[in-house]
Amino acid sequence: MKTVGEKIECPQSLVPMRKAFNGTFIAARGFDREDGNNAVAEGRADLIAFGRWFLANPDLPKRFELNAPLNKYNSDTFYISDPVLGYTDYPFLDSTA
């Protein structure tokens with residue numbers, strides 16, 4: 001199983017799906033800022049979804065713009081209701097200084 005921040009090197013794995021689909025192609029899972037930018041620039045995707053990174057970084061676009069460090073997400077808290085953790089308690093960039 002892949003851990004938080006672990007990279008998997010298979011950038012061409014989207015190419016067959018991208019070629020088979022004529023609409024807007026959104027890729028997700030395992031992309032960081034650099035990988036996402038590369039996937040779009042190389043035509044492997046039109047858009048990149050950063051779901052888990054958005055959960056842990058409510059200011060993700062700002063962090064990407066500044067190339068700032070990311071909060072690590074805790075997937076153990078993604079689907080629990082008690083106690084309510086994870087969705088609302090990750091710090092913003094300004095509050096981590």
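The values are calculated or read from the model by the stated rules, or taken from the named source; none is laboratory data. Bear in mind that the values here come from a model prediction, so they are computed numbers and not experimental data. Here the Cβ is made from the backbone with ideal geometry for all residues, glycine too, and neighbour counts use every protein chain on show. Ligands, DNA and RNA are excluded from the accessible area calculation, which covers all protein heavy atoms including side chains. Shrake-Rupley method; radii C 1.70, N 1.55, O 1.52, S 1.80 Å.
Test ALA49 against the stated conditions and say whether it is more than 19 Å from TYR87 (Cα to Cα), modelled with pLDDT of 95 or more and of a type in the set (A, V, I, L, M, F, W, C).
Working: more than 19 Å from TYR87 (Cα to Cα): no; modelled with pLDDT of 95 or more: yes; of a type in the set (A, V, I, L, M, F, W, C): yes.
Judged against the criteria, ALA49 is not a match.
On inspection, PRO83 passes the criterion of being on the phi < 0 side of the Ramachandran plot and either at pLDDT below 90 or charged (D, E, K, R) (or both). The set of residues in segment 51-90 that are in contact (Cβ under 8 Å) with a residue 40 or more places away in the chain and part of a helix (DSSP H, G or I) contains only SER75. Collect the residues in segment 1-27 that are at pLDDT 90 or above and open to solvent by less than 60 Å² (accessible area, probe 1.4 Å), keeping them in residue-number order. Passing the criteria: GLY23, PHE25, ALA27.
Please find, among ASP32, ASP59, ASP94, ASP46, the residue that is among the acidic types (Asp, Glu) and open to solvent by 70 Å² or more (accessible area, probe 1.4 Å). Working first, answer last.
Values: ASP32 fails: open to solvent by 70 Å² or more (accessible area, probe 1.4 Å); ASP59 fails: open to solvent by 70 Å² or more (accessible area, probe 1.4 Å); ASP46 fails: open to solvent by 70 Å² or more (accessible area, probe 1.4 Å).
The unique qualifying residue is ASP94.
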